[in-house]
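Student: Starting off with a structure, shown below.
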Amino acid sequence: MQQRWGLPVIAWPSRLRPNYWDLVALPLVLGLIALVAWGGIAMGAHYQVGEALAMSLDPGRLPEYALRTVLRMGAALVASLVFSLAYAALAAKSRQAEKILIPVLDILQSVPILGFLSITVTGFIALFPGRLLGVECAAIFAIFTSQAWNMTFSVYQSLRTVPLELIEAARMYHLSPWRRFWRLEVPHAIPSLVWNMMMSVSGGWFFVVASEAITVSGQSILLPGIGSYIATAIAQRSLAAIGWAVLVMLVVILLYDQLLFRPLIAWSRKFQGDPAAEADTVRPWLLIVLERARLFDLVQAGVLAVNRMIDTTIAALARRRRPAVERRRQPLFDRAFDAVLLALAAAACVWIISFIRHSVGLAEIGWVFLLGMATAARVLILIGVASLIWVPIGVWIGLRPRLADRAEPIVQFLAAFPANLFFPAAVVLILRFRLDPEIWLSPLMILGTQWYILFNVIAGTTTLPAELRLAAQNFAVRRLLWWRRVILPAIFPAYVTGAVTAAGGSWNASIVAEIVQWGNTTLTATGIGAYIARTTAEGDGARIALGIGVLCLYVLAFNRLLWRRLYNLAAERLRLD
Amino acid sequence: MNVPLLRTEGVCKTYRMPDHLARLVLDRLDFTLGDGEIVAILGKSGSGKSTFLRVLAGLVPPSDGVVEYRGQKVSEPVQGIAMVFQSYALFPWLTVLGNVELGLEALGVAGTERRRRAVDAIDLIGLDGFESAYPKELSGGMRQRVGFARALVVNPDILLLDEPFSSLDVLTAETLRGDLLDLWEASRIPTKGIVMVSHNIEEAVEVADRILIFSSDPGRIRADIPVALPRPRASGAAGFRQIVDQVYTLLTTEPGRDGRRGARPEPIGIGYRLPDASVQQFSGLIDTLTEAPYHGRADLPLLADEEKLVMDELFPLIETLQLLGFAHVSGGDIELTALGRAYADADMLARKQLFAEAVLKHIPLAAHIRRVLDERPGHRAPAARFLRELEDHLSESEAQRVLDTVINWGRHAEIFSYDSDTEVLNLENF
């Protein structure tokens, strides 16, 4: 038959016809679309800085607030995903870009996340005048910064480690660069990307809560969400409301885990070449629905078609102009490029210093460095204390495989739970017992991050080969000798990973943990976190920059001088393979 | 005029080293693949045989010279040439069908046609029923079948095989090889020519119409041996054994040395690519050679067969024995020298002594390290110092491997010791 109207005849392959699973899948998808639309409308609402957004402590409003928080998290996650793919691809493909992008990423990683909020919020508000969207964007950006960097690193690592033979196979079978990216490089990156996504989100809840209630230049802005609900509860000294918030947060995290990450992780196993990875895992129910429902075959077919269209378009464009000849490396050009980079970096340094020096005296700069040292001391001591507590417990759990299996999701959940929800309880205790805030505020910094130590110690202990344990038993290696010669070296690499994560998180948390409020009581501990929080509230640009700059220097110095060395030592000497 | 299927002329490949010195890997290779021909390439590690195959494929651009496919210059992968990889190179997230379809998809073959051709190729190679399986569900042999199906589905003129059977166990490899040859003999595949890199001499003699022997550092074509035996070829037949012996002889004697007994081997330099052999294997082989049925002298193909040693394991050992003067090789036979026999008879301490003397005498790198350590006041030197010297002669990874080998030998011989934490060589504990 002839196609008279020039319309394509739609072939409707049998695998795209709806089935019963679609009865479950369709509502899920429609619900998701409606949710995003609702969130979008709410975010676009009119707003003037200074206007008070009404927050109600009615627990009945909490589900709505929770949804807004979840949407913010989702938006940040999508943004992080797009960013990580684009940034990592650029860094992995272009030598010149790599020279800038990777060091920049390394620095960005050590900028405290709440510091980004301080710097960017005014800019975002200016971008969308008269709308709430500006503040929303600032909050989403802050969450984005808590997720994007390590996701990007993971993609970059994956892109650099695509097996050579697979690349050669892709070339031999004439895959275009666009297609190679989607058919080879992205799939190769997916397992570690998904894993990093999950870790990022679990760290992100802390910052969602912290970034919803923002104080800018003396104005406090409350975005509807769980974080703002808590801030309001703190202002009104309502412990009951905080209890409700904790409960709802619990449910939200569980749902995120069930609806997003369980299916994602199970799905990502498909992309691993290792057959052992898939053994004895239960397939999550949601993934089963998604795989069986025809609706998603349709979506998939659509995505593939769009992808193919882009590919053919690119191919057509590439044919038009054809610079197929491989350009030779030009050392002179490289050197000029390096020189320009150095000059730019030097100019930036001069500019920042002059900006700060314009309004801040030398004495204050020195003082800020001292404050940094106070916070550094807190972080180190806390890591030490947490290690003393959690290493023995972790080893104890790790040696009991069944217990370890059960403990793992619980510890993961504890790590994800935003510890700032418990800050009010700590303040109440400090006030009640008249404790010294300089000392007793400190544990708040590690409240949420100590779990990384426990988690990694358990994981490290379970990987100790049974034969090594038996050998130690056989030679009657016991007590102190056993700790010194057997278990501590065995868990060291895992422990270092946990301690690095915990320390990084603690630096970040110092901004909210060194200055804590309950009603109109404010408790402050001396440290650089409190300094940044105060200057942010006052909207003092130069001092914010100074505080964050110094904090970054400390974090970078610690990473380079302490953690990276321990890490290398662990990687070289104490590997169990 | 008759245009050859594939032809290279004066192909050279140099790699630029970190210190801007160029290292020659392939040296003026002239090669022609005719219609209906299977050519096998054999050579030791460092002979650049895999690099040459990639130059033929258009994956690696030659530094000099040309590659022509049916008279057309090859500068990137072209249609009509397909490749099968040593470790299969299957996409783990695609099913068997998806993997086979991939090549067609990139060529723009439409959906139904693509499916049909892929299923045909899968049937042809004996994988029917596994279309929806993922590679990780399959055994090595099955995976390589997918590799072949993916190559054959694009109806290639030329198949390039990069040690396609070397990751498989002996039986599996034999079955797959046999199936491929059957398809080829019966002309059930459109392929007109095959080039196969191999590390298995018998495999090459069984399959090929012509065997190219590459010499190492830089890679050159040293010999071109026609194999005019009727198929199927039985490995026990006299003609077969004769060619195997000939190949062994060529591979175990260096060009320029005639391999006559008693001929003094040329001295080697500091940057010599020391063979990858451990002391354990080395003394194990000497013990084996001493005992029955060899009594100090063995036919190499027979030895490889009996002791289940593949070329990549056997040749480094043999070269080590030759370098240290424990044995010499001629005409495909290996024979222990007086020194070798003395080593076999000695106890552990005396063996160490003999080994140390031989290493210091015949391995300039070991002697050089010892001399440097002796001269230095603290008798210590970082390993990186010697690594840099080696990198003047070898690629980065090879330099590291050679250094590891010499450290292993030196430690065993107690010529020097090594602290792996600080990566420092020293004369402690002596």
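The values are calculated or read from the model by the stated rules, or taken from the named source; none is laboratory data. The shown structure was predicted, so the numbers you read here are calculated from the model rather than taken from an experiment. Using ideal geometry, Cβ is built from the backbone for each residue, glycine included, and neighbour counts are taken over all protein chains shown.
Student: Tally the residues that are at pLDDT 75 or above, part of a loop (DSSP other than H, G, I, E, B) and among the acidic types (Asp, Glu), restricting the search to the stretch A:5-64.
Tutor: Number of matching residues: 1.
Student: If B:Leu42 satisfies every condition in (1) in contact with an Asp or Glu (Cβ under 9 Å, 6 or more places away or on another chain); (2) away from every other protein chain (no Cβ under 14 Å); (3) not β-branched (Val, Ile, Thr) but one, which is the exception?
Tutor: Condition (1) is where B:Leu42 drops out.
Student: From the list A:Met198, A:Met151, which residue is at pLDDT 90 or above and not polar (S, T, N, Q)? Walk me through how you get there before you give the answer.
Tutor: Details: A:Met198 fails: at pLDDT 90 or above.
Checking each option against the conditions leaves just A:Met151.
Student: Report every pair of residues separated by at least 6 positions or lying on different chains whose Cβ atoms are under 9 Å apart, first residue within the stretch B:385-397 and closer than 20 Å to B:Arg371 by Cβ, second assigned to a loop (DSSP other than H, G, I, E, B) and of a type in the set (D, E, K, R).
Tutor: Between residues of the stretch B:385-397 that are closer than 20 Å to B:Arg371 by Cβ and residues that are assigned to a loop (DSSP other than H, G, I, E, B) and of a type in the set (D, E, K, R), the close pairs are B:Arg388/B:Asp19; B:Glu391/B:Asp19; B:Asp392/B:Asp19; B:His393/B:Asp217; B:His393/B:Arg273.
Student: Return the total of residues in the stretch A:119-133 being touching a residue at least 60 places away in the same chain (Cβ under 8 Å) and either surrounded by 17 or more Cβ atoms within 10 Å (Cβ to Cβ) or assigned to a helix (DSSP H, G or I) (or both). Spell out the reasoning first.
Tutor: Within the stretch A:119-133, the first condition is being touching a residue at least 60 places away in the same chain (Cβ under 8 Å), and the residues that meet it are A:119, A:121-122, A:125, A:130-133.
Checking which are either surrounded by 17 or more Cβ atoms within 10 Å (Cβ to Cβ) or assigned to a helix (DSSP H, G or I) (or both) leaves us with A:119, A:121-122, A:125, A:131-133.
The qualifying residues number 7.
Student: Quick one: is B:Val146 farther than 13 Å from B:Ala40 by Cα and β-branched (Val, Ile, Thr)?
Tutor: Working: farther than 13 Å from B:Ala40 by Cα: yes; β-branched (Val, Ile, Thr): yes.
Yes; evaluated as a whole, the condition is true for this residue.
Student: While we're on this one: Regarding the stretch A:183-195, can at least one residue be identified that is at pLDDT below 90, within 14 Å of chain B (Cβ to nearest Cβ) and closer than 30 Å to B:Gln79 by Cβ?
Tutor: yes
Student: Only one residue in B:Pro135, B:Pro164 is touching a Lys or Arg at 6+ places or on another chain (Cβ under 6 Å) and crowded, with 21+ Cβ neighbours inside 10 Å. Which one?
Tutor: Numbers: B:Pro164 fails: touching a Lys or Arg at 6+ places or on another chain (Cβ under 6 Å).
The conditions single out B:Pro135.
Student: A further question follows. Identify all residues within the stretch A:203-222 that are within 23 Å of A:Phe153 (Cβ to Cβ) and either surrounded by fewer than 19 Cβ atoms within 10 Å (Cβ to Cβ) or of a type in the set (Ser, Thr, Tyr) (or both); write none if there are none.
Tutor: Listed by number, the list holds a single entry, A:Ser211.
Student: So, in the stretch A:373-398, how many residues would count as being closer than 22 Å to A:Ala530 by Cα and within 24 Å of the chain's Cα centre (by Cα)?
Tutor: Of the residues in that region, 7 qualify.
Student: Would you confirm whether any residue within the stretch B:326-337 is assigned by TED's automatic domain parsing to the domain that holds B:Val424, over 27 Å from B:Leu42 (Cα atoms) and either part of a helix (DSSP H, G or I) or in contact (Cβ under 8 Å) with a residue 12 or more places away in the chain (or both)? Full working, then the answer.
Tutor: First, the residues of the stretch B:326-337 that are assigned by TED's automatic domain parsing to the domain that holds B:Val424: B:326-337.
Restricting the remaining residues to those that are over 27 Å from B:Leu42 (Cα atoms) gives B:337.
Going one step further and asking which of them are either part of a helix (DSSP H, G or I) or in contact (Cβ under 8 Å) with a residue 12 or more places away in the chain (or both), we end up with B:337.
The answer is yes, given that some residue of the stretch B:326-337 is assigned by TED's automatic domain parsing to the domain that holds B:Val424, over 27 Å from B:Leu42 (Cα atoms) and either part of a helix (DSSP H, G or I) or in contact (Cβ under 8 Å) with a residue 12 or more places away in the chain (or both).
Student: Exactly one condition in (1) in a strand (DSSP E or B); (2) within 25 Å of the chain's Cα centre (by Cα) is not met by A:Gln517; state its number.
Tutor: Result: A:Gln517 passes all but (2).
Student: Look at the stretch B:51-79 and say how many of its residues are of a type in the set (Gly, Ala, Ser) and away from chain A (no Cβ under 11 Å).
Tutor: Here is the first cut: in the stretch B:51-79, the residues of a type in the set (Gly, Ala, Ser) are B:57-58, B:63, B:65, B:71, B:75.
From what's left, away from chain A (no Cβ under 11 Å): B:63, B:65, B:71.
Qualifying residue count for the region: 3.
Student: Then there is this: Being outside any loop (DSSP other than H, G, I, E, B), without any contact (Cβ under 8 Å) to a residue 24 or more places away in the chain and aliphatic (A, V, I, L, M) narrows it down to one of A:Ala97, A:Ala138, so name that one. Reasoning before the result, please.
Tutor: Details: A:Ala138 fails: without any contact (Cβ under 8 Å) to a residue 24 or more places away in the chain.
Result of the check over A:Ala97, A:Ala138: A:Ala97.
To keep it simple, each residue is scored yes or no on (1) farther than 30 Å from B:Asp245 by Cβ; (2) in the same structural domain as B:Arg220 (by TED's automatic domain parsing); (3) touching a His at 6+ places or on another chain (Cβ under 9 Å); (4) touching a residue at least 60 places away in the same chain (Cβ under 8 Å).
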site: B:Arg16; (1), (2), (3), (4): yes, yes, no, no
site: B:Arg28; (1), (2), (3), (4): no, yes, no, yes
site: B:Gly34; (1), (2), (3), (4): no, yes, no, yes
site: B:Glu37; (1), (2), (3), (4): no, yes, no, yes
site: B:Ile41; (1), (2), (3), (4): no, yes, no, yes
site: B:Phe52; (1), (2), (3), (4): no, yes, no, yes
site: B:Gly65; (1), (2), (3), (4): yes, yes, no, no
site: B:Gly71; (1), (2), (3), (4): yes, yes, no, yes
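Student: Checking B:Thr172 against (1) assigned to a helix (DSSP H, G or I); (2) over 23 Å from B:Leu303 (Cα atoms), only one condition comes out false. Which one?
Tutor: Going through (1) assigned to a helix (DSSP H, G or I); (2) over 23 Å from B:Leu303 (Cα atoms) one by one, B:Thr172 breaks only (2).
Student: A follow-up question, please. From A:Gly498, A:Gly448, A:Gly527, grab the single residue that is surrounded by 19 or more Cβ atoms within 10 Å (Cβ to Cβ), without any contact (Cβ under 8 Å) to a residue 60 or more places away in the chain and of a type outside the set (D, E, K, R). Show your work before the answer.
Tutor: Details: A:Gly448 fails: without any contact (Cβ under 8 Å) to a residue 60 or more places away in the chain; A:Gly527 fails: without any contact (Cβ under 8 Å) to a residue 60 or more places away in the chain.
Just one listed residue meets the conditions, A:Gly498.
Student: Return the residues of the stretch B:28-56 that are of a type in the set (Gly, Ala, Ser), modelled with pLDDT under 95 and touching a helix residue (DSSP H, G or I) at 6+ places or on another chain (Cβ under 6 Å); say none if nothing qualifies. Steps first, answer last, please.
Tutor: Narrowing the stretch B:28-56 to residues of a type in the set (Gly, Ala, Ser): B:34, B:36, B:40, B:43, B:45-48, B:50.
Adding the requirement that they be modelled with pLDDT under 95 leaves B:34, B:36, B:43, B:45-48, B:50.
B:Gly43 - this is the single residue of the stretch B:28-56 that is of a type in the set (Gly, Ala, Ser), modelled with pLDDT under 95 and touching a helix residue (DSSP H, G or I) at 6+ places or on another chain (Cβ under 6 Å).
Student: If you go through the stretch B:301-312 one residue at a time, do you hit one that is in contact with a Lys or Arg (Cβ under 9 Å, 6 or more places away or on another chain), farther than 21 Å from B:Arg222 by Cα, assigned by TED's automatic domain parsing to the domain that holds B:Ala399 and modelled with pLDDT of 85 or more? Break it down into steps so the answer makes sense when it comes.
Tutor: Of all residues in the stretch B:301-312, those in contact with a Lys or Arg (Cβ under 9 Å, 6 or more places away or on another chain) come to B:301, B:311-312.
Next, from what is left, pick out any that are farther than 21 Å from B:Arg222 by Cα: none.
Checking the stretch B:301-312: not a single residue is in contact with a Lys or Arg (Cβ under 9 Å, 6 or more places away or on another chain), farther than 21 Å from B:Arg222 by Cα, assigned by TED's automatic domain parsing to the domain that holds B:Ala399 and modelled with pLDDT of 85 or more.
Student: A follow-up question, please. Restricting attention to the stretch A:171-202, and to residues there that are hydroxyl-bearing (Ser, Thr, Tyr) and touching a residue at least 60 places away in the same chain (Cβ under 8 Å), which single residue is surrounded by the fewest Cβ atoms within 10 Å (Cβ to Cβ)?
Tutor: Step one: of the stretch A:171-202, the residues hydroxyl-bearing (Ser, Thr, Tyr) are A:173, A:176, A:192, A:200, A:202.
Those left that are additionally touching a residue at least 60 places away in the same chain (Cβ under 8 Å): A:176, A:200, A:202.
On the way: A:Ser176: 16, A:Ser200: 22, A:Ser202: 23.
Filtering first and then ranking leaves A:Ser176.
Student: What are the residue pairs meeting all of these: first residue in the stretch B:81-96, first residue touching a residue at least 60 places away in the same chain (Cβ under 8 Å), second residue β-branched (Val, Ile, Thr), Cβ atoms under 6 Å, and 6 or more apart or on different chains?
Tutor: B:Ile81/B:Ile158; B:Ala82/B:Val154; B:Leu90/B:Val146
Student: State whether one or more residues within the stretch B:156-178 are more than 28 Å from the chain's Cα centre (by Cα) and either more than 30 Å from B:Gly43 (Cβ to Cβ) or not small (Gly, Ala, Ser) (or both). Walk me through how you get there before you give the answer.
Tutor: Just the residues of the stretch B:156-178 that are more than 28 Å from the chain's Cα centre (by Cα), to begin with: none.
Among the residues of the stretch B:156-178, not one is more than 28 Å from the chain's Cα centre (by Cα) and either more than 30 Å from B:Gly43 (Cβ to Cβ) or not small (Gly, Ala, Ser) (or both), which makes the answer no.
Student: For a quick check of your reading of the model, give me the residue pairs whose first member lies in the stretch B:181-200 and is without any contact (Cβ under 8 Å) to a residue 60 or more places away in the chain, whose second is not in a loop (DSSP other than H, G, I, E, B), with beta-carbon atoms closer than 8 Å and at least 6 apart or on different chains.
Tutor: B:Leu181/B:Val207; B:Leu183/B:Leu124; B:Thr191/B:Leu152; B:Thr191/B:Ile158; B:Thr191/B:Leu159; B:Thr191/B:Trp184
Student: Suppose we keep only residues that are at the interface with another protein chain (Cβ under 9 Å from one of its Cβ atoms) and surrounded by 19 or more Cβ atoms within 10 Å (Cβ to Cβ) within the stretch A:158-170. Which one would you say is nearest to B:Ala82 (Cα to Cα)?
Tutor: A:Ala169
Student: Here's a follow-up. Does A:Ala79 satisfy being surrounded by 15 or more Cβ atoms within 10 Å (Cβ to Cβ) and either at pLDDT 75 or above or not polar (S, T, N, Q) (or both)?
Tutor: Values: surrounded by 15 or more Cβ atoms within 10 Å (Cβ to Cβ): yes; either at pLDDT 75 or above or not polar (S, T, N, Q) (or both): yes.
Criteria met by A:Ala79.
Student: A further question on this structure: So, B:Ile194, is that one more than 14 Å from chain A (Cβ to nearest Cβ), β-branched (Val, Ile, Thr) and part of a loop (DSSP other than H, G, I, E, B) or not? So that I can check it myself, show each step before the final result.
Tutor: Values: more than 14 Å from chain A (Cβ to nearest Cβ): yes; β-branched (Val, Ile, Thr): yes; part of a loop (DSSP other than H, G, I, E, B): no.
Answer is no for this residue.
Student: Here's a follow-up. Can you work out which of the residues in the stretch B:220-241 that are crowded, with 16+ Cβ neighbours inside 10 Å and assigned to a loop (DSSP other than H, G, I, E, B) is nearest to the chain's Cα centre (by Cα)?
Tutor: The residue in question is B:Val227.
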